[in-house]
Amino acid sequence: MIQLKTQVGIIGAGPAGMFLAHWLRKFGIQSVILERKSRSNVEGRVRAGLLEQNTQDILKFLGLADRMVQQGHLHDGVKLSFDGRRIRVPFGELTGGRQIMIYGQREVIKDLTEAWLGQDERLLFEAPAHEIKDIDTDHPSIHFEHIGEKGIIECDFVAACDGFHGLGRKTLPRHAYREYTTSYPFSWLGILAHVTPSTDELIYAYHERGFALHSLRSETVSRLYLQVDNEDHIHNWPDDKIWEELAVRLGTEGWSLQSGPIFDKSITPMRSFMIDNMQYGRLFLAGDAAHIVPPTGGKGMNLAIADVKHLAEGLIDFYEKNSMTRLQKYTQTALKRVWRAQEFSNFMTQLFHKRDAHGSFQYQLQKAKFDYIGTSKQYAATIAENYVGLPFETFQQ
Ligand code: FAS
Ligand code: PHB
């Protein structure tokens, strides 16, 4: 039996778990991280790519931003297309200088994991947590298994950073929260390809054949997405068909899409999900464990990190001032941003995805919104400020 004792037991070595562990360490608070998958599995996941201004600032605050600054791509605007007409929404002039950084989630995870293990801190891979006990006492525990051996972590707090399919939300008493969920009648087919990006900024495109997004990872790797039906299958999409469809949907006058060898492709369903209570006793949820947003707004990972800021500050107050006030308000504080991100992600998803017949009433509403972004600086500013990430002060009124 592995017996560990710490201040904060963390389940999950994704963005939420790793950011929390580093933030607590910066203030001398001990934690142990349990991760059910292997290190290579976690670091190999192809997921998000867009870091909000807040996330960039937090990485710098934690002293973990060096590689992001060297290898990331700062963007000062985004391109929006509708039926082949393209406009640009600038960030800096509309948000007082805030920008996004394109730097893959897997790179962020590699940086945080390397830094954590380099400090000889405790992180057990292939160590699934099976049960969280005594969350309504001041001595909760996490029961896990690691390479065939049972284990227990005794701690003051449990942070369930274990994603949508994790243990944390399942441990909350069912009466303690209300669930909200919306599924969308489409999915995203995502690819990574060895080809120089055909754009210097992201392109979100509505087309009568469906949505497409051109993102990137480096000067030689492009990241692109296509709207597909939920029942579609990756085997229906050979590389040349993907490139052909992307070129049509992203096309605009005087522009062409470069193609290249695809080295990763997958289909991800779209959903909005959340619960209205992210804590119970000494158990706290952060990130996808408590909420899922459609990736159209590039919010998923950034929202997880925003939760961590509030949870870390609450835990620091407990250990430094013996105050539970911030922890008691954690859910209330975090949900303000979560609802804002849910609304923005839903707005971007409804605006750019094909749902009704071309020319239908729904289509005309989408086109009217798009046209308004192109003519109203005020409306464009709402898109810009939500996209780069609203400052934390916004929610402190
Ligand atoms: P994560 O799911 O990243 O991490 C949870 C961790 O907990 C996992 O490593 C899991 O193995 C571990 N775990 C679970 N149960 C456990 C247990 N019982 N014991 C121990 N460990 C356990 N967001 C964007 O912004 N843009 C995107 O383009 C985008 N694309 C995505 C594509 C896919 C396929 C998916 C699934 C998500 C995507 N997201 C995207 C959202 C994604 O980036 C999440 O928001 C982000 O990973 C959330 O981080 P965490 O909350 O840490 O959860
Ligand atoms: C990505 O680069 O993977 C990405 C960027 C913006 C999004 C979604 C995904 O909205």
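The values are calculated or read from the model by the stated rules, or taken from the named source; none is laboratory data. Computed from a predicted structure; not experimentally measured. When we count neighbours, we look across all protein chains shown, and the Cβ atoms used for this are built from the backbone with ideal geometry, even at glycine. For the accessible areas, the whole protein counts, side chains as well, though only heavy atoms, and no ligand, DNA or RNA atoms are used. Shrake-Rupley method; radii C 1.70, N 1.55, O 1.52, S 1.80 Å.
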* **Ellipsoid semi-axes in whole angstrom, largest first, where each is sqrt(5λ) of the Cα gyration tensor of the range 1-149** => 36, 17, 15
* **Accessible-area order (highest first, 1.4 angstrom probe) of the listed residues Thr220, Thr296** => Thr220, Thr296
* Asked: In the range 183-265, which GluC sites (Glu not before Pro) are in a loop and have at most 16 other Cβ atoms within 10 Å, using DSSP for the loop call?
  -> Glu208, Glu219, Glu231, Glu253
* To do: Could you work out how far helix 239-250 tilts from the main Cα principal axis of the chain, as a 0 to 90 degree angle to the nearest 10?
  => 70 degrees
* Among Pro173, His130, Ile153 the positive-end extreme of the charge dipole of the range 107-211 (Cβ point charges) -> Pro173
* Asked: When the dipole is taken about the Cα centre of the chain, and only Lys, Arg (+1) and Asp, Glu (-1) are charged at their Cβ, what size is it in debye, to the nearest 20?
  -> 540 debye
* Excluding ligands and nucleic acids, what accessible area in Å² is computed for Cys155 using a 1.4 Å probe, to the nearest 10? -> 10 Å²
* **Hits among lysines - C-alpha to C-alpha of Lys329 under 24 Å, sequence gap 8 or more where chains match** => Lys26, Lys133, Lys170, Lys299, Lys309, Lys321
* Structure fact -> Over all viewing directions the Cα convex hull of the range 202-326 casts an average projected area in nm² of 11.3 nm²
* Give me the percent of the accessible area of the chain that comes from carbon and sulfur atoms, probe 1.4 Å, all protein chains in place. => 47 percent
* Asked: If you take all C-alpha pairs in the range 341-397, what percent of them are over 16 Å apart?
  -> 52 percent
* To do: May I ask you to evaluate 6.51 cos²θ - 1.76 cosθ + 1.60, the Karplus curve with θ = phi - 60°, for each residue of the range 127-139 and list the ³J(HN,Hα) values in order in whole Hz, giving x for glycine and proline?
  => 9, x, 7, 9, 7, 10, 10, 6, 6, 9, 10, 8, 9
* **Qualifying trypsin sites (Lys or Arg not before Pro) in the range 316-397, DSSP loop, other Cβ atoms within 10 Å at most 14** => Lys329
* Structure fact -> Relative contact order of the range 87-191 (C-alpha contacts under 8 Å, at least 6 apart) in percent is 14 percent
* Structure fact -> Summing -39500 (n - 2.57) over every DSSP H run of at least 4 residues in the chain and dividing by its residue count gives a helix-only mean residue ellipticity at 222 nm, to the nearest 500 deg cm²/dmol, of -11000 deg cm²/dmol
* To do: Quote the charge dipole size of the range 181-271 about the Cα centre in Debye, to the nearest 20; the model charges only the Cβ of Lys and Arg (+1) and of Asp and Glu (-1).
  => 240 debye
* For the range 181-271, projected area of the alpha-carbon convex hull averaged over all directions, nm² -> 6.1 nm²
* Structure fact -> Bounding extents of the chain in its principal axis frame from Cα atoms, largest first in Å, are 63, 45, 41
* ³J(HN,Hα) across the range 325-333 via Karplus (A = 6.51, B = -1.76, C = 1.60, θ = phi - 60°), whole Hz, x for Gly/Pro? -> 4, 5, 5, 5, 9, 4, 4, 4, 5
* Kindly provide the trypsin sites (Lys or Arg not before Pro) of the range 156-189 that DSSP labels as loop, not H, G, I, E or B, and whose Cβ sees at most 10 other Cβ atoms within 10 Å. => Arg178
* Structure fact -> Taking a probe of 1.4 Å and leaving out DNA, RNA and ligands, the range 181-271 shows per residue an accessible area in Å² of 45 Å²
* Which is the longest stretch in the chain that no exposed loop site breaks, taking sites as chymotrypsin sites (Phe, Trp or Tyr not before Pro) with a DSSP loop state and at most 14 other Cβ atoms within 10 Å? -> 165-397
* Rounded to 5, percent antiparallel among DSSP beta bridges of the chain -> 70 percent
* What share of the DSSP beta bridges in the range 1-126 is antiparallel, in percent to the nearest 5? -> 65 percent
* Can you run phi through the Karplus equation (6.51, -1.76, 1.60; θ = phi - 60°) for the range 364-369 and list ³J(HN,Hα) in whole Hz, with x for Gly and Pro? -> 5, 5, 4, 5, 5, 4
